[in-house]
C-alpha cells in the first residue's frame with residue numbers, strides 16, 4: 001500500500017484534500033475524536049460499513065501522511081491502536097466546523113442540540129476542550145469520561 005503520489009498542485013486546499021479529502025479518512029478521524037475508537041476492529045464496526053481493504057488503505061495513508069500514529073496495544077500486543085498525531089489533532093476545528101455546518105443544514109442531523117449550542121456559545125473554549133480530551137485518550141461522545149458527560 002504505497003502512497004507516493006505526485007501532488008496535483010501546491011494549492012493549500014489541494015494539499016488538504018490529498019491528505020484527508022476522502023470520506024473514509026474523515027470518518028476514521030471522526031471516530032477517534034468523537035467516539036474514542038482506536039483499533040482496526042472498532043473502525044470496521046462503524047455504521048458506515050467501510051470495506052476491510054479500504055480501511056487498511058486509509059489507515060496506512062493517514063499514518064504515512066503523519067496524521068495517525070500506530071502503536072502496539074497496551075492490552076493485547078497482537079493488536080495495534082491508532083491515535084492522532086499533533087498534525088491530526090489540528091484537524092479537530094475542521095471536523096467541528098463540518099459538524100456545525102451539517103447541524104445547521106441537515107434536518108435529520110444526529111448532532112445533539114445541546115452540544116451544538118455549546119459549540120456555538122464558546123467555540124474557542126470548546127475546541128481547546130476537544131483537543132485536550134482527545135490528547136488524554138478520551139472521546140467527545142463515548143465512554144464514562146467523555147467530554148459531553150462532563151459538560152452536560
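Scan the stretch 71-88 for residues that are surrounded by 12 or more Cβ atoms within 10 Å (Cβ to Cβ) and over 24 Å from residue 132 (Cβ atoms) and the total you get is 2.
Okay, residues lined up against (1) over 17 Å from the mean Cα position of the chain (by Cα); (2) under 14 Å from residue 35 (Cα atoms); (3) modelled with pLDDT of 95 or more:
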residue: 60; (1), (2), (3): no, no, yes
residue: 66; (1), (2), (3): no, no, yes
residue: 76; (1), (2), (3): yes, no, no
residue: 130; (1), (2), (3): no, yes, yes
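Can you name every residue in the stretch 27-54 that is surrounded by fewer than 17 Cβ atoms within 10 Å (Cβ to Cβ) and in contact with a helix residue (DSSP H, G or I) (Cβ under 8 Å, 6 or more places away or on another chain)? Matches in the stretch 27-54: 42, 44, 46, 48, 52, 54. Are any residues in the stretch 102-138 closer than 30 Å to residue 81 by Cα and either touching a residue at least 40 places away in the same chain (Cβ under 8 Å) or not in a helix (DSSP H, G or I) (or both), and if so, which ones? Across the stretch 102-138, the qualifying residues are 109, 110, 111, 112, 130, 131, 134, 135, 136, 137, 138.
Residues in the stretch 139-152 that are part of a loop (DSSP other than H, G, I, E, B) and over 15 Å from residue 97 (Cβ atoms): 139, 141, 142, 143, 144, 145, 146, 152. Of the residues that make up the stretch 11-20, is at least one touching a residue at least 24 places away in the same chain (Cβ under 8 Å), surrounded by 16 or more Cβ atoms within 10 Å (Cβ to Cβ) and assigned to a helix (DSSP H, G or I)? Yes, the stretch 11-20 has at least one match. Here is a list: 61, 118, 68, 91. Which entry is touching a strand residue (DSSP E or B) at 6+ places or on another chain (Cβ under 6 Å) and crowded, with 17+ Cβ neighbours inside 10 Å? When all the criteria are applied, what remains is 68.
Exactly one condition in (1) touching a residue at least 12 places away in the same chain (Cβ under 8 Å); (2) out of contact with any helix residue (DSSP H, G or I) (no Cβ under 8 Å at 6 or more places or on another chain); (3) assigned to a helix (DSSP H, G or I) is false for residue 81; which is it? Evaluating residue 81 over (1) touching a residue at least 12 places away in the same chain (Cβ under 8 Å); (2) out of contact with any helix residue (DSSP H, G or I) (no Cβ under 8 Å at 6 or more places or on another chain); (3) assigned to a helix (DSSP H, G or I) leaves (3) as the failure.
Residues in the stretch 94-109 that are touching a helix residue (DSSP H, G or I) at 6+ places or on another chain (Cβ under 9 Å) and exposed (fewer than 12 other Cβ atoms within 10 Å of the Cβ): 104 only.
The values are calculated or read from the model by the stated rules, or taken from the named source; none is laboratory data. This one's a predicted model, so the numbers in the text were calculated from it and none came from an experiment. Reconstructed Cβ throughout: ideal geometry from the backbone, glycine too, with neighbour counts over all protein chains shown.
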